[in-house]
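Structure record follows, encoded as structure tokens.
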Amino acid sequence: YMLGSTRAAADQQRQTHLPLVLHPAPESVAFIGIAIGITPGAAILHEPVQKIVAIELSPAVVDLARTHFHEENLGVLDDPRTTVVI
């Protein structure tokens, strides 16, 4: 089982890369349910993206993603373009 694990990082990032590459001018993007943050983290690699909204039900999940998976999610939760909504 790899879904939601760091071993599936490339697959999780692809969920972000594909729509952002296909969009002609992706300036803002939202993610519902951030888990460890790998999927929204991929958005910071896209230069045109100016705003990332990360929506999560549990503040504990956000804290864990920020504290324990900062490297894997490319620090998306601390990126100035990111707004976290709990």
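The values are calculated or read from the model by the stated rules, or taken from the named source; none is laboratory data. The structure presented is a predicted model; accordingly, all values stated were derived computationally and were not measured. For neighbour counting, all protein chains shown are included, and Cβ atoms are generated from backbone atoms with ideal geometry for every residue, glycine included. Just the protein is used for accessible areas: all its heavy atoms, side chains included, with ligands, DNA and RNA removed. Shrake-Rupley method; radii C 1.70, N 1.55, O 1.52, S 1.80 Å.
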Considering segment 37-53 alone, what residues qualify as being aliphatic (A, V, I, L, M) and open to solvent by 10 Å² or more (accessible area, probe 1.4 Å)? ILE44, LEU45, VAL53
Inside segment 54-86, can you point out the residues that are of a type in the set (Asp, Glu) and open to solvent by less than 50 Å² (accessible area, probe 1.4 Å)? GLU56, ASP79
Out of the helices (runs of 4 or more DSSP H) lying entirely within segment 6-75, which hold 3 or more residues that are closer than 21 Å to ILE86 by Cβ? 38-41, 59-68
Would you mind telling me which numbered condition in (1) within 13 Å of the chain's Cα centre (by Cα); (2) touching a residue at least 24 places away in the same chain (Cβ under 8 Å) ILE86 fails? (1)
